[in-house]
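Structure first, commentary second.
The values are calculated or read from the model by the stated rules, or taken from the named source; none is laboratory data. Since the model is a prediction, treat every value here as computed from it, not as a measurement. Don't worry about glycine lacking a Cβ; one is built from the backbone with ideal geometry, like all the others, and counts go over all protein chains shown. When the accessible area is computed, the model is the full protein with side chains, heavy atoms only, and any ligands, DNA or RNA have been set aside. Shrake-Rupley method; radii C 1.70, N 1.55, O 1.52, S 1.80 Å.
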Amino acid sequence: MKKKNQAEEACRGPLIQLIDIHKVYYMGTSEVYANNGISLTINEGEFVAIIGKSGSGKSTIMNIIGALDVPSSGQYILKGKDVSKMNDNELATIRNKMIGFIFQQYNLLPKERLINNVSLPLLYSGMGAEARREKAMEALKKVGIEDKYRNFPNQLSGGQQQRGAVARALVTNPSLILADEPTGALDSRTSEELLSFLKQLNEEGNTIVLITHDRSVAERANRIISIQDGKITFDGDVGEYRKQVAG
């Protein structure tokens, strides 16, 4: 009960606000709306899953939330900052300082030791070598693989590589942890371990947005947002989602 209260206390107000987001791609003379009028608010301390099939628009909205892309129209406010009109350098700063990414394929540099992979976001921010190492070791200890700090990625199991990716996401103490299909390359046991760890991070007050096509993964979150044809078709808690799916 104590952990739950900590997570509830962390919900201090809006972290993400998407206001009438449209994203249009042009194919010849045709317009394709990947996102078509999406509006939502995610508060600090929430654990939200965005679910949708391939082509639904969930990856596009993930790219916008992650400051990897900007909308064609509409407004994206992240912790009071208007991201929707930022230039590339400003977007890079947001990605480095405010968002921790967990990718399906880990994206660890194969020729760098684990500690260097984890500390990489801190290098981009200009932090000194000793401070980077200290913070990287703290992050590795948090995910339980601090003894692997000298290993190269090919010397780690899939689960250890994903934990390394989680440590890299945590090392900057980001406002948002954005996980893109994080269990897609893992076996069922390791997937369960990762989802349990994400749940633990949320109970400690971290805001997590999980992108997935898998209903069983989405249902580990506290809130589910379903996207189809570029529009939100459901936004509510897990119990309500299960009722809707059951029909």
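Look at (1) open to solvent by 10 Å² or more (accessible area, probe 1.4 Å); (2) free of Cβ contacts under 8 Å to residues at least 40 places away in the same chain; (3) of a type outside the set (Asp, Glu) and you find that Leu201 fails only one, number (1). For region 74-83, a tally of residues being surrounded by fewer than 19 Cβ atoms within 10 Å (Cβ to Cβ) and either under 30 Å from Gln160 (Cβ atoms) or of a type outside the set (D, E, K, R) (or both) returns 4. State whether the residues of region 51-73 include one that is of a type in the set (D, E, K, R), surrounded by 21 or more Cβ atoms within 10 Å (Cβ to Cβ) and in contact (Cβ under 8 Å) with a residue 60 or more places away in the chain. There is at least one residue in region 51-73 that is of a type in the set (D, E, K, R), surrounded by 21 or more Cβ atoms within 10 Å (Cβ to Cβ) and in contact (Cβ under 8 Å) with a residue 60 or more places away in the chain. One residue alone among Lys142, Lys53, Lys111 is closer than 20 Å to Ile38 by Cβ and out of contact with any Lys or Arg (no Cβ under 7 Å at 6 or more places or on another chain), and that residue is Lys53. Filtering region 127-177 to residues that are surrounded by 14 or more Cβ atoms within 10 Å (Cβ to Cβ), within 29 Å of Ile77 (Cα to Cα) and out of contact with any Leu (no Cβ under 9 Å at 6 or more places or on another chain) leaves Met127, Pro174.
The set of residues in region 51-84 that are charged (D, E, K, R) and not in a helix (DSSP H, G or I) comprises Lys53, Asp69, Lys79, Lys81, Asp82. In region 28-46, of all residues being in contact (Cβ under 8 Å) with a residue 60 or more places away in the chain and aliphatic (A, V, I, L, M), the one that is surrounded by the fewest Cβ atoms within 10 Å (Cβ to Cβ) corresponds to Leu40.
Here Ser119 passes the criteria (1) modelled with pLDDT of 95 or more; (2) out of contact with any Ser or Thr (no Cβ under 6 Å at 6 or more places or on another chain); (3) open to solvent by 30 Å² or more (accessible area, probe 1.4 Å); (4) not aliphatic (A, V, I, L, M) except the one numbered (3). Considered as a group, the residues in region 184-198 that are assigned to a loop (DSSP other than H, G, I, E, B) and without any contact (Cβ under 8 Å) to a residue 40 or more places away in the chain include one that is surrounded by the most Cβ atoms within 10 Å (Cβ to Cβ), and that residue is Leu186. Among the numbered conditions (1) open to solvent by less than 20 Å² (accessible area, probe 1.4 Å); (2) under 24 Å from Leu78 (Cα atoms); (3) assigned to a helix (DSSP H, G or I), the only one that Gly100 does not meet is (3).
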